[in-house]
1. Mind checking which residues of the range 292-304 are closer than 19 Å to residue 329 by Cα and surrounded by fewer than 23 Cβ atoms within 10 Å (Cβ to Cβ)?
2. Can you name every residue in the range 324-346 that is part of a helix (DSSP H, G or I), within 30 Å of residue 314 (Cα to Cα) and over 25 Å from the mean Cα position of the chain (by Cα)?
3. Looking at 167, 129 in this structure, which one is touching a Phe, Trp or Tyr at 6+ places or on another chain (Cβ under 9 Å), of a type outside the set (Asp, Glu) and more than 15 Å from residue 301 (Cβ to Cβ)?
4. For residues in the range 60-84 being touching a helix residue (DSSP H, G or I) at 6+ places or on another chain (Cβ under 8 Å) and under 25 Å from residue 119 (Cα atoms), which is surrounded by the fewest Cβ atoms within 10 Å (Cβ to Cβ)?
5. Determine if the range 325-332 includes at least one residue that is among the charged types (D, E, K, R), open to solvent by less than 20 Å² (accessible area, probe 1.4 Å) and in contact with a Leu (Cβ under 9 Å, 6 or more places away or on another chain).
6. Contact list please: Cβ distance under 6 Å, first residue in the range 301-317 and basic (Lys, Arg), second residue assigned to a loop (DSSP other than H, G, I, E, B), pairs at least six apart or on different chains.
7. Going through 156, 145, 139 one at a time, which residue ends up being closer than 15 Å to residue 97 by Cβ and either out of contact with any helix residue (DSSP H, G or I) (no Cβ under 8 Å at 6 or more places or on another chain) or modelled with pLDDT under 95 (or both)?
Amino acid sequence: MAKTAVVSDEFAQKFRAEKETPYTRFIASEGLDILDGLYVRNLNTVDLKPWARRGGKAVFINHDASRTSNDCYVMEIAPGGKLAPHRQLYEEMIMILSGRGSTRVWSDSGKEVSFEWGPGALFGIPLNANHQHFNGSGVEPVRFVAVTNLPPLMNVFEEPEFLFGTAYDFKDRFDGTPDYFAAKDERQGFRLETNFVADAVNLPLIEAKERGAGGGHIRFNFAKSSLNAHISQFPIGTYKKCHRHGPGAHVIILSGEGFSLMWPDGEEPRRFEWEVGSMIVPPNMWFHQHFNTGPTPSRYLAFKHEGVAVRNGQGVPKAWISMRIGGDQIDYADERPEIRRMFSEALARHGLESQMAPEYEAELADLPEKTAA
């Protein structure tokens, strides 16, 4: 039986004064909701409410309310509309879900850059830079999803007008160069050195055998922020290795269909079906594993805070390292017995078969020796 950590009302009453925070009170004062972000079936259809401050419609999504390093929100810009000019003393990464438009970014010193975007575009808003988003269509709305580190900063400073009204240029974050938001192809290891990706769905990836399933991978760090992102893809009839990490990774499905399993250590897996537009947010140190059960390759985007990636002394995220040697990734050879049966049954509904046999075999060549617990 899954452990819910629910206690009696009498016990909970002793902590009632600590339940709400400056962050949750701010969202409520703006007339907006905070949805439980553990799982959202489709970001394209989630209900929004007017957000007067920004001039659009929005909803916030945060599984752990104000007690994580980052949150998420979905925003819509009306046809022919624009959002209000805005600045913020926190960081933000954006993915365009639908629609086309442009963004203007400028500093108090007069540096200014404008760029256009469409579905699948990714970019970051430089810290405290003035910016404004425009819908380029008079017929269709624009909808985007953004991840920010607003919660801890609102909880520290409390005053919204300080976060949104402080005039200061972070010159190292935004220098106004004309190609600041130009798509670039320079890479360092898995990381793409750019502040803008035009099409996350079709972006070429780098082989990442360490994650299993013959997949591809690429990483980003837009606008020199402490937020980062990666895209992963895995072929038809395959699935990724199970792993765990800190809180705050927002996994957004870009292509394909399948399911994810998530569970805290010692409990049974919980299953979440996904499609294009679904979002899964693994809680702190929950194991999770993603399965492609459809007839096309599956690709997802993970928006997160750097604190998610607990690293070893070499700088490698422990979520990429076998649990056999002290990491947080479960090798295929050690996965739960029911995993392969569950995967095969899901594939059969599409008339497909597992393509994992070569992956299981290839892993054995480098599999660390298993030691006693």
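The values are calculated or read from the model by the stated rules, or taken from the named source; none is laboratory data. Bear in mind the structure is a predicted one, so any value in this text is a computation, not a measurement. Cβ: placed from backbone, ideal geometry, glycine included. Neighbour counts: every protein chain shown. Each accessible area value is taken on the protein alone, full model and side chains, heavy atoms only, with ligands, DNA and RNA left out. Shrake-Rupley method; radii C 1.70, N 1.55, O 1.52, S 1.80 Å.
1. Correct list: 302 only.
2. Once the filter is applied, which keeps residues that are part of a helix (DSSP H, G or I), within 30 Å of residue 314 (Cα to Cα) and over 25 Å from the mean Cα position of the chain (by Cα), the range 324-346 yields 324, 325, 333, 334.
3. Among 167, 129, only 129 is touching a Phe, Trp or Tyr at 6+ places or on another chain (Cβ under 9 Å), of a type outside the set (Asp, Glu) and more than 15 Å from residue 301 (Cβ to Cβ).
4. 60
5. yes
6. Hits for this filter: 304/248; 304/249.
7. After ruling out the rest, the residue left standing is 145.
Quick grid of which residues meet (1) at pLDDT below 95; (2) over 24 Å from residue 302 (Cα atoms); (3) assigned to a loop (DSSP other than H, G, I, E, B); (4) not acidic (Asp, Glu):
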site: 12; (1), (2), (3), (4): yes, yes, no, yes
site: 44; (1), (2), (3), (4): no, no, yes, yes
site: 50; (1), (2), (3), (4): no, yes, no, yes
site: 58; (1), (2), (3), (4): no, no, no, yes
